[in-house]
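See below for the structure under consideration.
The values are calculated or read from the model by the stated rules, or taken from the named source; none is laboratory data. All values reported here derive from a predicted model rather than from experimental measurement. Don't worry about glycine lacking a Cβ; one is built from the backbone with ideal geometry, like all the others, and counts go over all protein chains shown. Note: accessible area is taken over every heavy atom of the protein model, side chains too, but ligands, DNA and RNA are not part of it. Shrake-Rupley method; radii C 1.70, N 1.55, O 1.52, S 1.80 Å.
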Amino acid sequence: MAAIIQTRSLTKVFDQRTIAVNNLDMEVPEGSIFGFLGPNGSGKTTTIKLLLGLIRPSAGTVTVFGEPMGMDSADLRRRIGYLPTNPKFPDRMTPISYLDFIGRTFGIPSERRIPRITELIRAVDLLGNSASEIRTFSTGETTRVGIAACLINDPELLIMDEPTLGLDPIGRASTVNLIQALGRQEGKTVFVSSHILADIDRFCSHIGIVNYGKLVFTGKISDVKKLIRRNTVELEVDGDVEGFIAKAREVPGVINVERGPRMVTVGIDDPEDYSRVLMDIFRILHEGNVDLISFNSGSQSLEQAFLNLLEEEKSHGFLRAIGKGA
Amino acid sequence: MGSYAPSGRALDGLRTALERSVLLTLTLHEIKLGFKNNLQRAWMGTIAFFGLLFLLAMRDLGSIYAIGIFFGLFGSMVAVVLASNTISGEVGGIADSLLSKAVRRWEYLLSKFISQIALGLMVYFLMTGIAVLVLWNFDWFPDDMSYHNLGVIIGLLALVLVFFSSLGVMVSSTASRPVFAFLVSIVVWFMFVVLFLFMQDWDFMYSPAQIITHLDTIQDNQWHVDWARLVGFYVLSPLLFFFVSLLAFYQRDL
């Protein structure tokens, strides 16, 4: 897939003191839902601002839609929708007046703009309070106005900074569903930054993990999970558990089998043997007097992979500086 | 119908071009929001109150002078203070949101300058216009008064507002926080007032203090103004402030 966003050696140093983004080389494939993951203060928002041309890089380049992004790249941003964290709106504006204003800044003529506004207001479920001033809205309602505003120009690329922050579970689920729909059904490229692993795991196809401004991993989410998937599967079984454990230990490629309070954890040696080992495990379950209640392969693996990657990156020490030539 | 069609199309084309102008959209938006601003409304109420007071107390041309001087002294401070929050109060929030859309930095900046100047002038001309109408209606103007010179006086004091409004926007574009912008705008306003009061004989400009002290002589055609000097200062100053703002704002990380 072609890259819709490309950064090369992207660096941002504030006031010659704080390295917010550190030599970032990243590609966001077109049509992907790209999760940009990192702990608080890792440089996610700064990276997003660099991608949008809101701040100037200290070094490196940002290319969006094949063109360099700058402060005045209004034509590029015409194809982008941006949802900031906790979006701010002018005082004394209603969702309709605000969306109308934003639509005008995009140069959308009224015959297209008005129907689009009504469609978006309905889509984000703000029909009931579309005449109220935004300053009276809750966090969830404000986020929905922000979502509507970032979709008004029907962008090809959506950039969302912590879109579920501060939302209740219903709001979060709704936002997650929307992101999934935008990416999978509408075919838009979505770049989402978050520190909530469960959200990223749920809807992203690709992932970039950043720590202290440095990209420690980028690739498909399945590749990230393989990093931990090589080790374990967890099974909740009922019946002759001890018999199952004894037979499982004899399966070639199984390095250890441990019994926990509810789960049996099976450690697998070689990721290449993963499928074969699983087939053997399930055959033992089928032939033995054991019921499989639940199976978990890497459902928590993203969190573990994330932590492992951060720890591994940190452990490289001085070698982190030797990544490529000057 | 045949003669309407070309002009109708031209009007539609103009409407479309205006609709698509980002600068015009931003400017009109700022002006609308400006009139909803509580401080702006308080200022308009204050002017209306004092304007009425001057009219009823003086019932002659002096009330126009009083309103003009009131604008020149207090209006200039209000203009600077109101303008000082226009950019600094939005950076990190609304400005980020706007500039992440199809808006160029110079468009955003220029819209702030134009809208703040327009707001100040609209309020000023509205108040003085009402005062002139009232005086004219009740025949309180002197018989030998020159309406042309009255227009010149009103226009000269308007230039003072243009100066201070654009100064406030420049401060706003360079200050890192709204509170700094507010404080700096007050200090800068005071500094210019002192400068204008004590240095009235500069060769390259007419200070507001000079204009205010010559209102009678302007009305009587006794004060000969070097228009080039006048316009030069009051047109070039806002342009200079805009240029400085442009330089500063393009260096600024949002």
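Label positions at A:Ala131 and B:Phe233, each projected 7 Å from the Cα along the C-beta direction, are separated by 5.3 nm. The 1.4 Å probe gives accessible areas that order B:Ser115, B:Ser146, largest first, as B:Ser146, B:Ser115.
Computed across the stretch B:84-127, the Kirkwood radius stands at 11.4 Å (inverse of mean 1/r, all Cα pairs).
Which whole-number percentage describes the relative contact order of chain A, with Cα contacts under 8 Å and a sequence gap of 6 or more? Write out the running numbers ahead of the final one.
Numbers: 570 pairs, mean separation 61.3, N = 326.
Dividing the mean separation by the residue count of chain A yields 19 percent.
For A:Ile33, the residues 5 or more places off, or on other chains, whose built amide H falls under 5 Å of its own are A:Val190, A:Ser205, A:His206. Rounded to the nearest whole Hz, the Karplus-based 3J(HN,Hα) values (6.51 cos²θ - 1.76 cosθ + 1.60, θ = phi - 60°) of the stretch A:281-291 follow the sequence 4, 5, 5, 4, 4, 5, 7, x, 8, 10, 9, with x at glycine and proline.
The mean number of partner chain beta-carbon atoms within 10 angstrom of a residue's beta-carbon across peptide B:223-233 is 0.
A convex hull fitted around the alpha carbon atoms of the stretch A:85-167 yields 90 Å³ per residue.
Going by alpha carbons, how many degrees (0 to 90, nearest 10) lie between the helix axis of B:22-36 and the longest principal axis of chain B? So the helix axis and the longest Cα principal axis differ by about 60 degrees.
Taking only the alpha carbons of the protein assembly as shown, we obtain Rg and Dmax values of 32.4, 117 Å in that order. If I take all pairs of Cα atoms in chain A, what percentage of them are more than 38 Å from each other? In whole percent, the long-distance tail amounts to 29.
Determine how many Å³ per residue the convex hull of the Cα atoms of chain B encloses.
Numbers: hull volume 43.3 nm³, N = 254.
Once divided by residue count, the hull of chain B is 170 Å³.
Here's how it looks for A:Tyr82: its modeled amide H is under 5 Å from those of A:Ile159, which are all 5 or more places away or on a different chain.
For the stretch A:181-279, dividing the convex hull volume of the Cα atoms by the residue count gives 161 Å³ per residue. Scoring A:113-122, B:165-174, A:193-202, A:11-20 by mean Cβ neighbours within 10 Å over their residues and listing the highest first yields B:165-174, A:193-202, A:113-122, A:11-20.
So if I take the centroid of the Cα atoms in the stretch A:5-76 and the same for the stretch B:107-148, what is the distance between those two points in Å? Taking the Cα centre of each part, the stretch A:5-76 and the stretch B:107-148 sit 49 Å apart. Peptides A:157-169, A:249-261 ranked from most to least packed, by the mean per-residue count of other Cβ atoms within 10 Å: A:157-169, A:249-261.
Taking a sphere under 11 Å around the Cβ of B:Ile114 and counting the other residues whose Cβ falls inside, with K and R at +1 and D and E at -1, yields a net charge of -1.
Loop-resident chymotrypsin sites (Phe, Trp or Tyr not before Pro) (DSSP state other than H, G, I, E or B) in the stretch B:170-254 with no more than 12 further Cβ atoms inside 10 Å of their Cβ: B:Phe204.
Derived scalar couplings between HN and Hα for the stretch B:116-128 equal 5, 5, 4, 4, x, 5, 4, 5, 4, 5, 5, 5, 5 Hz in order, rounded to whole Hz, by the Karplus curve 6.51 cos²θ - 1.76 cosθ + 1.60 (θ = phi - 60°), x for Gly and Pro. Label the stretch B:1-66 by shape, choosing from rounded, prolate and oblate, from the square roots a ≥ b ≥ c of the eigenvalues of the Cα gyration tensor; if a/c is under 1.5 it is rounded, and otherwise prolate applies when a/b is larger than b/c, oblate when it is not. The shape class here is oblate. Here the stretch A:241-301 has an Rg and Dmax of 11.0, 29 Å, counting Cα atoms alone. With only Cα atoms counted, the stretch B:1-122 has Rg and Dmax values of 19.6, 59 Å.
Converting phi to 3J(HN,Hα) with the Karplus coefficients 6.51, -1.76 and 1.60 and the offset θ = phi - 60°, the stretch B:132-140 yields 4, 4, 5, 4, 5, 5, 8, 6, 9 Hz in sequence order, with x at every glycine or proline. Once C-alpha pairs closer than 8 Å and six or more residues apart are averaged by separation and normalised to the residue number of the stretch B:88-240, the relative contact order reads 29 percent.
For A:Thr164, no residue 5 or more places off, or on another chain, has a built amide H under 5 Å of its own. Would you please classify the overall shape of the stretch A:45-86 from the alpha carbon gyration tensor, given that a ≥ b ≥ c denote the square roots of the eigenvalues, rounded means a/c under 1.5, and beyond that prolate means a/b larger than b/c while oblate covers the rest? Oblate, because a/c is 1.5 or more while a/b does not exceed b/c.
Between the Cα long axis of helix A:301-315 and the first principal axis of chain A there is an angle of about 80°, rounded to the nearest 10.
Counting Cβ atoms of other protein chains within 10 Å of each residue's Cβ and taking the mean over peptide B:90-99 gives 5.
Summarise the partner chain shielding of A:71-77 as one whole number: the mean count of Cβ atoms from other chains within 10 Å of each residue's Cβ. Each step should come with its number before you reach the end.
Numbers: counts 10, 7, 2, 8, 2, 1, 6.
Taking all residues of A:71-77 together, the mean is 5.
The long axis of helix B:4-20 is offset from the longest Cα principal axis of chain B by roughly 80 degrees. For the stretch A:1-71, the gyration tensor built on C-alpha atoms gives an oblate shape. Its axis ratio a/c (a ≥ b ≥ c) is at least 1.5, and a/b is not larger than b/c.
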